[in-house]
Amino acid sequence: MDNRPFTFDIALPGGIPSTYSNHITRRLSSMRGQYADEETYAALLAGGDALLYEVYEEQVPEKAGELLHGISIVHPGKVGDEYFMTKGHFHAEIATAEVYYCLAGQGVMVMETPEGVWAVEELRAGKVLYVPPRWAHRSVNTGSEADLVTFFVYPAHAGHDYGSIEKQGFRKLIVEQGGRPAIVDNPRWLPPEQR
Ligand code: F6R
Ligand code: ZN
């Protein structure tokens, strides 16, 4: 690929990029062990492998100095009372940050540090979220009908570390309680010194 400047259009509110070089899709089957209600997860999966989220990314060289960017779309839905969400990750180069800009929908970003400090921030159209270096991040669609659409940009050499999150998930889960999203403790989560 050459390194000339390039542009692309994203239809507002919250459309799909008009051009993109990489389209990643994640289905229910790739989220095994991530939802607290394992019975409902298994029952849903038996009925079909639903598409949970998609990422459209513009490819650039994955090296320091470059910026990877694209659109993440989390579809609406729940597994039991837990909303559809991304797998979530630390960056492999942990000291790299990320900026998210919410284009459409309703949701939250669940975040935590390796020490177990946690944060949950609202995402709605127009909201910019800065994820500082060292914070793992997962987007959650808390809307009942609409996609949660965000634009993201991060250092191209950051890489992804999914392993730590796959083991026990995030410290906090986002569930529907009384028709509204609520933050609850993840019963599987252990503090770093007890792992
Ligand atoms: C990149 C980033 C987003 C996510 C996307 C899907 O560093 O944070 O592009 O990759 O929202 O989430 P994951 O990668 O956790 O499946
Ligand atoms: Zn990231």
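The values are calculated or read from the model by the stated rules, or taken from the named source; none is laboratory data. Since we're looking at a predicted model, the values are computed, not measured. As a convention, Cβ positions derive from the backbone with ideal geometry for all residues, glycine included, and neighbour counts pool all protein chains shown. Surface areas here come from the heavy atoms of the whole protein model, side chains and all, with no ligands, DNA or RNA. Shrake-Rupley method; radii C 1.70, N 1.55, O 1.52, S 1.80 Å.
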**Study point:** Computed over the chain: relative contact order in percent, which uses C-alpha pairs under 8 Å that are six or more apart
**Key:** 22 percent
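So if I place +1 on the C-beta of Lys and Arg and -1 on the C-beta of Asp and Glu, and nothing else carries charge, what would the dipole magnitude of the chain be about its Cα centre? I want it in debye, nearest 20.
On the way: 17 positive and 26 negative charges, 32 e Å.
Charge dipole of the chain: 160 debye, to the nearest 20.
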Practice item. Using Cα centres only, tell me the gap between the stretch 4-59 and the stretch 64-131 in whole Å. Key: 13 Å
Check your understanding: Once a ≥ b ≥ c are taken as the square roots of the eigenvalues of the Cα gyration tensor of the stretch 71-129, is the result rounded (a/c under 1.5), prolate (a/b larger than b/c) or oblate (a/b not larger than b/c)?
Key -> oblate
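May I ask you to derive the FRET efficiency for ALA119 and GLU145 from their Cβ-Cβ distance with R0 = 22 Å, giving the value to the nearest 0.05? Kindly include the intermediate steps, with their values, before the conclusion.
Details: r = 27 Å, r/R0 = 1.21.
Using R0 = 22 Å, I get an efficiency of 0.25.
Using every Cα-Cα pair within the stretch 13-91, state what percent have a distance larger than 22 Å.
Of the Cα pairs, 36 percent sit more than 22 Å apart.
Which number do you get for Rg(Cα) / (2.2 N^0.38 Å) in the stretch 106-195?
On the way: Rg = 13.9 Å, N = 90, 2.2 N^0.38 = 12.2 Å.
Expressed relative to 2.2 N^0.38 Å, the Cα Rg reads 1.14.
Among THR40, THR96, what's the order by accessible area (1.4 angstrom probe), most exposed first?
Details: THR40 45, THR96 15 Å².
Greatest to least solvent exposure: THR40, THR96.
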Revision key, fill the gap. Residue separation between PHE6 and GLU66 times 0.36 nm, minus their alpha-carbon distance, gives in nm 20.3 nm
Check your understanding: What are the semi-axes of the equivalent ellipsoid of the chain, taken as the square roots of 5 times the eigenvalues of the Cα gyration tensor, listed largest first and rounded to whole Å?
Key -> 27, 20, 16
Review point. Dipole of the stretch 22-187 (Lys/Arg Cβ +1, Asp/Glu Cβ -1, origin at the Cα centre): which of PRO132, VAL74, GLN177 lies farthest to the positive side?
Key: PRO132
Review point. Given 0.36 nm per residue, what is the gain on full extension from ALA46 to GLN177 after removing their alpha carbon distance, in nm?
Key: 44.6 nm
Review point. So for the stretch 1-146, taking the charge dipole from beta-carbon charges (+1 Lys/Arg, -1 Asp/Glu), which of GLY65, PRO114, GLY48 sits furthest toward the positive end?
Key: GLY65
Study note, to complete from the structure: The FRET efficiency for ILE16 and GLU93, from their Cβ-Cβ distance with R0 = 35 Å and rounded to 0.05, is 0.75
Review point. If TRP189, TRP118, TRP135 are ordered by their accessible area, calculated over protein heavy atoms with a 1.4 Å probe, which sequence runs from highest to lowest?
Key: TRP118, TRP135, TRP189
Point to revise | Lys pairs under 19 Å by Cα in the chain, provided they are eight or more residues apart or on distinct chains | key: 4
Revision key, fill the gap. Which of MET111, MET31, MET85 fluctuates most in a GNM of the chain (C-alpha springs under 10 Å)? That residue is MET31
Practice item. Compute the label zone of GLN59 within the stretch 1-38: residues whose backbone N is under 11 Å from the point 7 Å along Cα-to-Cβ. Key: 1, 21-23
Exercise for review: Send over a whole-number figure in Å² for the accessible area per residue of the stretch 1-81, probe 1.4 Å.
Suggested key: 59 Å²
